[in-house]
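Derivation of every value follows stated rules applied to the coordinates shown; laboratory data play no part. Values in this document were obtained by computation on a predicted structure and should not be read as measured data. As a convention, Cβ positions derive from the backbone with ideal geometry for all residues, glycine included, and neighbour counts pool all protein chains shown.
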Amino acid sequence: MTRVFSGIQPTGNLTLGNYLGAMRRWAQTDQHQTDSVFCVVDLHALTVDQDPARLRRLSRQTAMLMLAAGLDPEVCTVFLQSHVDEHTRLSYLLECVASDGEMRRMIQYKEKVARQRERGASVRLSLLTYPVLMAADILGYGADEVPVGDDQVQHVELARDLAVRFNQRYGHTFVVPKATRPAVAARVMNLQNPTAKMGKSDDSGLGVVYLLDEPDVVRKKIMRAVTDSGRSVEYDREGRPGIANLLEILAACTGGDPEALAGAYESYGALKKDTAEAVLEVLEPVRARHRELCTDPAHVEGVLRDGAEKARAMARPTVDAAYRAIGLLPPAFETALSAVGR
Ligand code: TRP
């Protein structure tokens, strides 16, 4: 079965965009059709300064919302990256096959460095090595496929390059992964700025529907969504991005088609009202499961502990094999070496 690895950073509250763009599909389809590994990549969050209490809260919440969205620990693996040492163990080895130059060429690194400098903040070394840790996430699990958005394709390509390089130099150790572009139900855009993605690290939050927003807040945000100066409801992504976004959200929630739905509306107000109600209907079961999980923290902890154990068992043999291949002695080296005649 195809092994798929997905990572999600606990750097913000999860949004409707995360749900309609990825999580719903993970739960409804992917986890049943592939051998899926879903990881809250908390170590990655530390490449920039995080308040420790907030990081703890968001890590727990992200994991709970993944479960609330329907990820079933019986059929997939859900865990926190920092619970499985294999990630950092392997990351160091991969740092020894990656070059300084190729890390500095990463587009996201260059962009993030520029942003940090603008704010007068220093740049953490881990920001530079971050793609290597991501490669370790992927290669440690022998993932065949990594579903990612455009901004992460270069990082998956680095993972491929490192796998090929390691295999050539030290013998076949890693599966060479490939990036896949997940089929998304909707590319949900910011309600206040419909040409930008609805991201979780957004500033004001007015244009972002969070999965845990109260129903009244969701209604208010959608009713206040930026539209355009026109009046007729038409599906035109370029010319009428605000209306197109609402139509896409409505379509993704009701299973309809944005173009066909456009014809059913005479006014922006009616479209917004129906969109808000459709969103609330889709989110309600997620919110209900989340409430349930909140009442039983010990259950969540148990699920994550089991998930980490399962993950460790998957990654350990590959990481150990990489340690051996590169020339590091196993702890019981006399026995191990005589067994292979070296
Ligand atoms: N870098 C990814 C992001 O910012 C998150 C991530 C970390 C990831 N490790 C991964 C994604 C491994 C896929 C596979 O979104």
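Altogether, the Stokes-Einstein calculation at 25 °C and 0.890 mPa s, with the Kirkwood radius of region 1-123 over Cα pairs as Rh, returns a diffusion coefficient of 151 µm²/s.
Averaging the sequence gap over all C-alpha pairs within less than 8 Å and six or more residues apart, then dividing by the number of residues, gives region 10-164 a relative contact order of 25 percent. Sorting THR335, THR77 from the fewest to the most surrounding beta carbons within 10 angstrom yields THR335, THR77. Taken over region 191-247, the ratio of Cα radius of gyration to 2.2 N^0.38 Å equals 1.14.
Counting other beta carbons within 10 Å of each residue's own, what order do CYS294, CYS76, CYS39 fall into, fewest first?
Working: CYS294 13, CYS76 22, CYS39 26.
So the ranking, lowest neighbour count to highest, is CYS294, CYS76, CYS39.
The chain: D in µm²/s via Stokes-Einstein (Kirkwood Rh, Cα pairs, 37 °C, 0.692 mPa s)? D = 151 µm²/s. Coupling constants for region 300-312 follow from the phi torsions by the Karplus curve (6.51 cos²θ - 1.76 cosθ + 1.60, θ = phi - 60°), and in residue order they are 4, 4, x, 4, 6, 5, 5, x, 5, 5, 4, 5, 4 Hz; glycine and proline get x. The modelled label-to-label distance between GLU292 and SER126, using points 7 Å beyond Cα along the C-beta direction, is 3.5 nm.
The HN-Hα couplings worked out from phi for region 91-108 by the Karplus form 6.51 cos²θ - 1.76 cosθ + 1.60 (θ = phi - 60°) are 4, 4, 4, 5, 4, 7, 10, 8, 10, 4, x, 5, 5, 5, 7, 4, 4, 5 Hz, whole numbers, x standing for Gly and Pro. Each Cα pair under 8 Å and six or more residues apart adds its separation to the average, and for region 217-310 the resulting relative contact order is 26 percent. Angle of helix 241-254 to the longest C-alpha principal axis of the chain, folded into 0 to 90 degrees and rounded to 10: 80°.
Placing dummy labels 7 Å off each Cα toward the beta-carbon, the span from GLU281 to VAL75 is 2.4 nm.
Less than 5 angstrom separates the built amide H of LYS197 from those of ASN190, all sequence-distant by 5 or more or on a different chain.
Annotation: peptides 254-260, 271-277, 183-189, ranked by per-residue average of other Cβ atoms within 10 Å with the highest first, follow the order 271-277, 183-189, 254-260.
Take the cross-link list LYS112/LYS221; LYS178/LYS310; LYS110/LYS200; LYS112/LYS200; LYS112/LYS310 and give me the ones stretching past 25 Å between alpha-carbons. Let's see the in-between values first.
Working: LYS112/LYS221 29 Å; LYS178/LYS310 23 Å; LYS110/LYS200 21 Å; LYS112/LYS200 17 Å; LYS112/LYS310 34 Å.
Violating the 25 Å limit, Cα to Cα: LYS112/LYS221; LYS112/LYS310.
Across all directions, the shadow cast by the convex hull of region 215-293 built on its C-alpha atoms averages 5.3 square nanometres. For the chain, the longest principal axis of the alpha carbon atoms and the long axis of helix 125-140 meet at an angle near 80°.
Ordering GLU118, GLU102 from the fewest to the most neighbouring beta carbons within 10 Å gives GLU118, GLU102. The relative contact order of the chain, computed from alpha carbon pairs under 8 Å that lie at least 6 residues apart in sequence, is 21 percent.
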